[in-house]
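Trainee: The structure under discussion is supplied below as structure tokens; questions concerning it will follow.
The values are calculated or read from the model by the stated rules, or taken from the named source; none is laboratory data. Please read these numbers as outputs of a predicted model, since none were measured by experiment. All Cβ positions, glycine included, derive from the backbone under ideal geometry; neighbour counts span all protein chains shown.
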Amino acid sequence: MTRRISKYKRFMMMNPIVQFFKFIYLSIKVLLVVAGGHGGTRSA
Amino acid sequence: MAKIVVLGAGIAGHVAASHLRRKLNKEHEVVVVSPNSNYQWIPSNIWVGIGRMKPQDILFPLAPLYAKKHIDYKQAKAVSFHPEGDQDQNRPYVMVEYVSEGNKGNKEKVTYDYLINATGPKLNFEATEGLSPGKNKAHSVCTYTHAQEAWNALEGLIEQMKQGKKIKILIGTGHAKSTCQGAAFEYILNVEQELRRHNVRDKAEITWISNEFNLGDFGMDGMLMSYGSNIMKSSEMVGMVFEDRNISWILGAGVNKVEDGVAHYENLDGEQKQESYDFAMLIPSFSGHGFKAYDRTGMDITDKLFRGFMIVDADYTPKPYEEWSVQDWPETYQNPSYPNIFAPGIAFAPPHSISKPRKSKNGTDITPAPPRTGMPSGITAKLVADNIIEMIKQSNKELHHKGSMGNMGAACIASAGFGMTTGSGISITTYPIVPDYQKYPDTHGRKLGKTFGSIGLAGHWLKLALHYAFIYKAKMKPFWWLIPE
Ligand SMILES: Cc1cc2nc3c(=O)[nH]c(=O)nc-3n(C[C@H](O)[C@H](O)[C@H](O)COP(=O)(O)OP(=O)(O)OC[C@H]3O[C@@H](n4cnc5c(N)ncnc54)[C@H](O)[C@@H]3O)c2cc1C
């Protein structure tokens, strides 16, 4: 096993309080990509 | 009054049927034809495959819901397409064969004004010799029954590992042209985490096998993404996670034969190799269902409707990778020969792959097929429904609702382990799904910021929240339509 994620990073990734805020941030970010819409590519 | 027939009640078919029903008044008929009596939220099969969810948690029966919502439901499968009718039937129809007890084997001509083919993929296990779910110690998580079988096998092995047995696990793609690497990626990380939870991780050697050229290709030519304050390649991100979890990998592998505990594959150097295992989960190749189509006189016109999957408004002209563009990808999912037929979700024939095509030294194509994940399947189904509604209400010929995968984002929240405090998820968003190398030449065809990755517990919560939200939506509970596709 090669440690590629530092102890600090892992702590941040798994800390419920940090991750609670991350959850809200991710939900909004994902929603923005979804709500960002879609369309065609062919009309100039 | 119009009659719209929807074939398939997966993500695309169910989204189309529910939007049609909500927006059209009851004088119009919405009919769903699908062989599986249940709706299944496929993304959560991963958790069935590690025993953290039961099939009942991810499915519900369609008939009661459709009866309540005035959607006519036939538990049957489409067998042939007759877009001009025939000598006895003037209207276009689909020949369907019932699969439910009581009228199994009975056939019916289901006529339509508009047809939505949302039959998704055929799980083409036969394309790989010896690959069949539950046989040769190789499994699948593509359906809830497959996933349950996979868990039964894995659970047995975990017990043996607790007694000290060492085992080899192989997870990835089971064909040179498989797609859905994302699902296999989720599964390998979930299995790895479960082994740790059972304190047997040291007893297992875990290997990723894939037809991808690079890690993190996911059939989408890889991604350049924002990761925190850095810019990272998806290959680097997946490499980091695999190394951290002690998962080794084999890339550019076209699995061509599976024997009891041995997967045979050809690599891009043209070498025939093999990998042994005690437990494997290999995603099969996906293909069309092999439907036939006939004109009014009974002449075979399958070529007008299908090239494996259904022909839509894509540019199918063969051209080299360097000349591919987002304009090749369909916008309305309408069949050019029969404008009242549409194919959203996985059912449409893509113009080509998204990943750069590669051949082995022996000339074998080893290239991931293009994925059509849940979000584009839902979006394309909704826009098809909206176009049909406009055609009905305004006698419109021109289609206003468009959504090319070259101008559409996708969110993929890959589960990397289950658990409210110990779980993890790799959240990835991509815009656009098909890279636009002209618009975004310096960022590998994608818009940074809208293409980002994030790893952590929040990803698991998000995936779980999506599970409940999408099942709520699929059950058409109050205000379901406010939840985006
Ligand atoms: C294990 C796994 C995990 C996944 N995880 C994710 C994820 O996390 N996020 C994501 O976005 N995507 C995910 N996907 C992909 C997602 O499930 C697909 O994109 C989506 O299901 C495609 O929808 P569809 O309606 O086109 O096809 P399907 O969902 O396959 O539906 C096809 C429907 O057609 C029916 N049918 C089949 N044959 C016939 C016939 N002859 N006549 C009538 N009906 C027929 C089937 O019964 C089914 O109801 C995952 C896929 C798998 C396999």
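Trainee: Test B:HIS14 against the stated conditions and say whether it is near the ligand (Cβ under 8 Å from one of its atoms), more than 14 Å from chain A (Cβ to nearest Cβ), touching a residue at least 24 places away in the same chain (Cβ under 8 Å) and assigned to a helix (DSSP H, G or I).
Mentor: Details: near the ligand (Cβ under 8 Å from one of its atoms): yes; more than 14 Å from chain A (Cβ to nearest Cβ): yes; touching a residue at least 24 places away in the same chain (Cβ under 8 Å): yes; assigned to a helix (DSSP H, G or I): yes.
Judged against the criteria, B:HIS14 is a match.
Trainee: Turning to a different aspect of this structure: If the Cβ limit is 9 Å and pairs must be 6+ apart or interchain, which residue in the stretch B:188-201 that is within 17 Å of B:GLN163 (Cα to Cα) pairs with which residue that is among the aromatic types (Phe, Trp, Tyr)?
Mentor: Pairs found: B:GLU194/B:PHE418; B:ARG197/B:PHE418.
Trainee: Continuing with the same structure: May I ask you to list the residues in the stretch B:432-451 that are buried (at least 23 other Cβ atoms within 10 Å of the Cβ) and at negative phi?
Mentor: B:PRO432, B:ILE433, B:VAL434, B:PRO435, B:ARG446, B:THR451
Trainee: Regarding B:HIS175, is this residue surrounded by fewer than 18 Cβ atoms within 10 Å (Cβ to Cβ) and touching a helix residue (DSSP H, G or I) at 6+ places or on another chain (Cβ under 9 Å)?
Mentor: no
Trainee: Filter the stretch B:84-120 for residues that are closer than 26 Å to B:ILE388 by Cα and assigned to a loop (DSSP other than H, G, I, E, B) and give the result.
Mentor: Within the stretch B:84-120, B:GLU84, B:GLY85, B:ASP86, B:GLN89, B:ASN90, B:ARG91, B:PRO92, B:TYR112, B:ASP113, B:ALA118, B:THR119, B:GLY120 meet the criteria.
Trainee: Please go through the stretch A:13-44 and pick out each residue that is modelled with pLDDT of 90 or more, under 14 Å from the mean Cα position of the chain (by Cα) and either more than 7 Å from chain B (Cβ to nearest Cβ) or exposed (fewer than 14 other Cβ atoms within 10 Å of the Cβ) (or both).
Mentor: Result: A:VAL18, A:PHE20, A:PHE21, A:ILE24, A:TYR25, A:ILE28.
Trainee: For the stretch B:18-44, enumerate the residues that are within 12 Å of the ligand (Cβ to nearest atom) and in a helix (DSSP H, G or I). Spell out how you get there, then give the answer.
Mentor: If we filter the stretch B:18-44 for residues that are within 12 Å of the ligand (Cβ to nearest atom), which is where we start, we get B:31-44.
Across the stretch B:18-44, the qualifying residues are B:ILE42, B:PRO43, B:SER44.
Trainee: Conditions first: (1) within 15 Å of the ligand (Cβ to nearest atom); (2) buried (at least 21 other Cβ atoms within 10 Å of the Cβ); (3) among the small types (Gly, Ala, Ser). B:ALA349 passes all but one, so which condition is the exception?
Mentor: Single failed check for B:ALA349: (2).
Trainee: Next question. B:PRO357 - would you say it is more than 16 Å from the ligand (Cβ to nearest atom), within 14 Å of another protein chain (Cβ to nearest Cβ) and not aromatic (Phe, Trp, Tyr)?
Mentor: Considered against the rule, which asks whether it is more than 16 Å from the ligand (Cβ to nearest atom), within 14 Å of another protein chain (Cβ to nearest Cβ) and not aromatic (Phe, Trp, Tyr), B:PRO357 comes out as no.
Trainee: Quick one: in the stretch B:123-135, which of the residues that are assigned to a strand (DSSP E or B) and within 16 Å of the ligand (Cβ to nearest atom) is nearest to B:GLY378 (Cα to Cα)? Before you say what the answer is, go through the steps one by one.
Mentor: Taking the stretch B:123-135 and keeping what is assigned to a strand (DSSP E or B), we get B:123-124, B:129.
Next, from what is left, pick out any that are within 16 Å of the ligand (Cβ to nearest atom): B:123-124.
Numbers: B:LEU123: 20, B:ASN124: 23 Å.
Filtering first and then ranking leaves B:LEU123.
Trainee: Quickly run through the stretch B:45-61 and pick out the residues that are touching an Asp or Glu at 6+ places or on another chain (Cβ under 8 Å) and either near the ligand (Cβ under 8 Å from one of its atoms) or within 14 Å of chain A (Cβ to nearest Cβ) (or both).
Mentor: B:ILE46
Trainee: B:GLY120: away from the ligand (no atom under 14 Å from the Cβ) and under 30 Å from B:GLU194 (Cβ atoms), yes or no?
Mentor: On the way: away from the ligand (no atom under 14 Å from the Cβ): no; under 30 Å from B:GLU194 (Cβ atoms): yes.
So B:GLY120 fails the test.
Trainee: Can B:SER424 be described as more than 10 Å from chain A (Cβ to nearest Cβ), surrounded by 24 or more Cβ atoms within 10 Å (Cβ to Cβ) and either closer than 20 Å to A:VAL18 by Cα or among the aliphatic types (A, V, I, L, M) (or both)?
Mentor: Details: more than 10 Å from chain A (Cβ to nearest Cβ): no; surrounded by 24 or more Cβ atoms within 10 Å (Cβ to Cβ): yes; either closer than 20 Å to A:VAL18 by Cα or among the aliphatic types (A, V, I, L, M) (or both): yes.
It is false that B:SER424 is more than 10 Å from chain A (Cβ to nearest Cβ), surrounded by 24 or more Cβ atoms within 10 Å (Cβ to Cβ) and either closer than 20 Å to A:VAL18 by Cα or among the aliphatic types (A, V, I, L, M) (or both).
Trainee: For the stretch B:437-485, give me the residue count where each residue is within 8 Å of another protein chain (Cβ to nearest Cβ) and not small (Gly, Ala, Ser).
Mentor: Total satisfying the criteria: 8.
Trainee: Taking the condition over 18 Å from the mean Cα position of the chain (by Cα), more than 8 Å from the ligand (Cβ to nearest atom), surrounded by fewer than 16 Cβ atoms within 10 Å (Cβ to Cβ) and not charged (D, E, K, R), does B:PRO64 pass?
Mentor: Spelling it out, B:PRO64 is indeed over 18 Å from the mean Cα position of the chain (by Cα), more than 8 Å from the ligand (Cβ to nearest atom), surrounded by fewer than 16 Cβ atoms within 10 Å (Cβ to Cβ) and not charged (D, E, K, R).
Trainee: Now for a different question. Quick one: how many residues across the stretch B:49-92 are hydrophobic (A, V, I, L, M, F, W, C) and under 16 Å from B:VAL33 (Cα atoms)?
Mentor: 9
Trainee: Quick one: would you say B:GLY182 is away from chain A (no Cβ under 14 Å), within 16 Å of the ligand (Cβ to nearest atom), in contact with a strand residue (DSSP E or B) (Cβ under 7 Å, 6 or more places away or on another chain) and not aromatic (Phe, Trp, Tyr)? Steps first, answer last, please.
Mentor: Numbers: away from chain A (no Cβ under 14 Å): yes; within 16 Å of the ligand (Cβ to nearest atom): yes; in contact with a strand residue (DSSP E or B) (Cβ under 7 Å, 6 or more places away or on another chain): yes; not aromatic (Phe, Trp, Tyr): yes.
Here the answer is yes, as B:GLY182 does meet what is asked.
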